[in-house]
Amino acid sequence: MSSTMIATIEAGSLTKRQTFISILIIGLLFFIFGFVSWVNAILIPYFKIACELSNFQSYLVAFAFYISYFIMSVPSSYLLKRLGFKKGMMTGFWAMALGAFIFIPAAFTRTYEIFLCGLFIIGAGLAVLQTAANPYITRLGPIERAAQRISIMGICNKGAGIIAPLILAAVILKPTDTSVFKELHTMGAVAKNVVLDELVRRVILPYTCTGVALFFLGLIVRYSPLPEINTEHESLELAASNSVKKNIFQFPHLILGSLAIFLHVGTQVIAIDTIIGYANSMQLNLMEAKVFPSYTLFATVCGYLLGIICIPKFISQINALRVCTLLGTTFTLLIIFANGQVNFLGHSVDISIWFVVLLGLANSLVWAGIWPLALDGLGRFTKLGASVMIMGLCGNAILPLLYGYLADLYNVRFAYWVLFPCYLYLVFYAFYGYRVRRWIFK
């Protein structure tokens with residue numbers, strides 16, 4: 001079916017009921033994004049033990065998962081143009097189901113590379129869903145309230161992220177594992193392989209169930225009442241302005257926004273996926289440290305709630321973005337330089353780890369702030385522009401590897417320096433970069 005045969009409607013013509021149902025369905029999608037994405041916080045230390053990996057190797061989990069966004073985002077935009085949102089989303093769900101099923105042979109053979117292949121395919125399916133869902137929710141109402149709607153989606157995403165690591169940890173980890181992990185280095189090769197084989201095969205049941213659920217979710221979305229809205233509507237003025245535009249690179253604010261997304265998501269995944277390792281460096285075992293990603297995600301949800309309450313009534317979405325980027329810069333310096341043992345929520349740890357948790361708050365409204373700014377004025381280029389933005393999600397793949405490299409080279413605390421230049425750029429985009437409408441070198 002060609003794109004011209006797909007009937008679309010304008011978002012402004014939707015009834016309140018249609019808009020409400022659409023937000024509910026897209027909210028379900030963001031919940032699934034979060035559940036599937038943030039289990040990596042447990043998979044990274046889990047595979048590090050089960051497959052005997054270095055810090056750098058363990059962060060290939062994030063690399064394999066998120067590099068698919070870079071590879072698949074532009075093809076996703078063409079897929080969505082051809083199939084429409086609903087059939088395209090179904091295809092994305094089915095790709096994720098296939099990736100989940102690949103965990104079965106990977107676990108039976110304890111082959112890390114096959115796990116990475118499965119994660120790549122799950123990420124490819126998510127790239128399709130993200131390319132569809134983000135411009136959809138951005139256009140599903142007044143643009144000045146886009147950050148508010150995206151914050152609601154963020155609660156769905158991070159709410160799933162809070163429970164996902166805990167659920168997976170409850171399924172694949174046992175209370176006796178702490179003593180077993182301590183004894184691994186004293187075991188003979190045969191005994192160790194038996195223990196590690198049993199450990200890694202615990203992922204078979206949860207990922208089989210996940211694959212089945214994703215397959216049926218694809219069918220549900222395909223036959224749902226979700227309308228095919230026109231995300232590329234242009235006013236007469238905008239159409240005239242864009243008439244001379246031939247390609248996506250003629251929108252500097254979009255390209256700069258994609259780089260901002262690249263750095264933002266990298267800082268976000270570092271804050272969540274590295275915090276268990278940082279807690280381990282403070283002599284916390286995995287069973288105690290497993291809750292820290294949920295703390296970070298809870299801080300993010302608090303930020304989303306503030307955004308829903310305050311935007312645009314008390315603060316504009318651009319000013320909320322500016323506050324968050326400045327907070328991220330400040331908290332990064334406090335992670336590196338703050339010292340002192342504190343007891344909080346039953347944990348006796350260095351105070352710096354709580355600033356890693358607070359990065360969740362700083363990161364909360366950055367995504368919601370960047371998207372409407374970067375897509376502003378794209379008109380018929382919106383789907384392709386969204387795919388360029390989704391390409392930026394490969395920051396989740398690159399930056400954790402850089403963190404892991406610095407952690408192996410120096411230590412896990414020093415490695416947080418990787419966040420500092422990222423937040424400086426985000427400050428630049430929030431205050432100036434989003435206003436750039438022409439390249440100065442032309």
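The values are calculated or read from the model by the stated rules, or taken from the named source; none is laboratory data. All figures in this text were calculated on a predicted structure; none of them were measured in a lab. We place every Cβ from the backbone using ideal geometry, glycine too, and count neighbours over all the protein chains shown. Note: accessible area is taken over every heavy atom of the protein model, side chains too, but ligands, DNA and RNA are not part of it. Shrake-Rupley method; radii C 1.70, N 1.55, O 1.52, S 1.80 Å.
List of remarks:
- Angle in degrees between helix 395-409 and the longest Cα principal axis of the chain, rounded to the nearest 10: 30 degrees
- Rolling a 1.4 Å probe over the heavy atoms of the protein chains gives the chain an accessible area of 40 Å² per residue.
- Protection proxy ranking, peptides 329-338, 155-164, average beta carbon neighbours within 10 Å, highest first: 155-164, 329-338
- Length-normalised contact order of segment 254-370 in % [C-alpha pairs under 8 Å, at least 6 apart]: 38 percent
- Seen against the Cα atoms of the chain and their longest principal axis, helix 419-431 is set at about 20 degrees.
- Cα long-axis angle, helix 204-222 against the chain (0 to 90 degrees, to the nearest 10): 10 degrees
- Cubic angstrom per residue, convex hull over Cα atoms of segment 148-217: 113 Å³
- Overall Cα dimensions of segment 75-232, principal axis frame, Å, largest first: 62, 30, 23
- Dividing the C-alpha radius of gyration of the chain by 2.2 N^0.38 Å, with N its residue count, gives 0.97.
- Given the chain, longest segment not containing exposed loop GluC sites (Glu not before Pro) (DSSP; at most 14 other Cβ within 10 Å): 229-442
- Top of L424, L345, L286 by mean-square fluctuation, Gaussian network on the chain, Cα under 10 Å: L345
- Simple rule: put +1 on each Lys or Arg Cβ and -1 on each Asp or Glu Cβ in the chain, find the dipole, and look at M389, I204, Y46; the Cα lying farthest toward the positive end is M389.
- Sulfur and carbon atoms: percent of accessible area, segment 302-421 [1.4 Å]: 72 percent
- The fraction of accessible area contributed by carbon and sulfur in segment 107-163 is 70 percent, rounded to a whole number (1.4 Å probe; ligands and nucleic acids excluded).
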